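Notes for the one structure printed next.
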Amino acid sequence: MIPQLHPIDLHDSSQIGEARRMAMRAAHCAGMGETDCGRVSIIATELASNVIRHGQGGEILLGAAADQTRPAIELIAIDRGPGIRDLGRCMTDGYSSGASLGQGLGAIGRLSDAMDVYSGPGRGAAIYARIEAAARGAPASQQTPSSQTPSSWFSIRVPAFGEVECGDDCRVAAGHNRIAAAVADGLGHGPLAAKAALQSMLVFEQSPFSPPDLYLKMAHQALHSTRGAAVACARVDYDRGTMIYAGIGNISSSIIDNHSHQGRSLPSYNGTVGLQIGQVRQFEYPVRAGDLLVMHSDGLTARWKPSDYPGLWSRIPALVAAVLYRDLNRKRDDATVLVVRLQ
Ligand SMILES: [Mn+2]
């Protein structure tokens, strides 16, 4: 189960306190102790203040990390402001130009267990911070963080405005030499859309590494009593260097080459899984370590190309997902974006 991220709107300085309280509550709920909650509190405050003061407003995406080693909180601040001119200097404590989003980045880096930034003049800013619960008994100074390298994949799943439940869903299954991913968008939005999407994910979980075309046919059977969904599935074999992909309906997927940063769009057939599907075909592509698989629902517009985002494709998957969500979200629908860094 991949938890939904909670978006916190930031357009007014009164919302900084709300961001801090929500982050604290998430940390408590995740089972983190007082000291760690304190770090979460400071980082949330710094990120939110930066968005208000330097980013001309934006949002923070807040959630509990999906991996199971230790409780962890992830925060991603996104804005479309003037961007950070000199990232290196901003990361050094004490430096802030006043006009740029610099203040507090040094503190965030020091207090978090992992951090990454994507920005540039005119590009806005996206800042990722991860805070992990300290292991019991040992002082923080003697501990090695369990995951200095954040996860190789990241998903953002946000319900349509006014909805509590997201009608999109996604899953990732990883093995030592392979990885599989599926994204579903239940027809419409709300609880019935979520039910259809969930149903297709349960089929995926039963055998995530079965051929994607077979998976879609099985999902079609399983979804016949639901509203139906757009569903896409990718399965990567690292030893062979291949990816097999199949999709039905409006899930947009692409592979972005790690060296050229060129993108290749993956085909999807017309139809609705559970209601009406025609031909189901899967396609095989060569992939290399470091390539990115990007999959998103139609809550994000498909009108983008990798060259729109110089420098983004080498950042961590969480930042890639956050920047695409920030810029492509159509706001009227559930929005899901999944980014996987292939190994
Ligand atoms: Mn949709």
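The values are calculated or read from the model by the stated rules, or taken from the named source; none is laboratory data. Computed from a prediction, not measured in an experiment: that's the story for all the values here. Backbone-built Cβ (ideal geometry, glycine too); neighbour counts: all protein chains shown.
So here's what we get for this one:
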| item | result |
| --- | --- |
| Selection status of Ala138, assigned to a strand (DSSP E or B), modelled with pLDDT under 95 and away from the ligand (no atom under 16 Å from the Cβ) | no |
| Test result for Ala196, within 16 Å of the ligand (Cβ to nearest atom) and on the phi < 0 side of the Ramachandran plot | yes |
| Long-range neighbours under 8 Å by Cβ, at least six apart or interchain, first residue assigned by TED's automatic domain parsing to the domain that holds Ala44 and without any contact (Cβ under 8 Å) to a residue 12 or more places away in the chain within the stretch 4-28, second part of a helix (DSSP H, G or I) and surrounded by fewer than 22 Cβ atoms within 10 Å (Cβ to Cβ) | His28/Cys37 |
| Residue check, Ala246 at pLDDT 95 or above, small (Gly, Ala, Ser) and more than 20 Å from the chain's Cα centre (by Cα) | yes |
| Qualifying residues in the stretch 145-178 (those that are surrounded by 15 or more Cβ atoms within 10 Å (Cβ to Cβ), more than 16 Å from the ligand (Cβ to nearest atom) and in a loop (DSSP other than H, G, I, E, B)) - the one modelled with the lowest pLDDT | Ser147 |
| Selection count where residues are touching a Ser or Thr at 6+ places or on another chain (Cβ under 8 Å), in a loop (DSSP other than H, G, I, E, B) and within 16 Å of the ligand (Cβ to nearest atom), scope the stretch 266-319 | 6 |
| Count - residues of the stretch 241-295 that are β-branched (Val, Ile, Thr) and within 22 Å of Lys195 (Cα to Cα) | 5 |
| Residue satisfying all of: in the stretch 246-265; within 16 Å of the ligand (Cβ to nearest atom) and among the hydroxyl-bearing types (Ser, Thr, Tyr); farthest from Leu292 (Cα to Cα) among these | Ser252 |
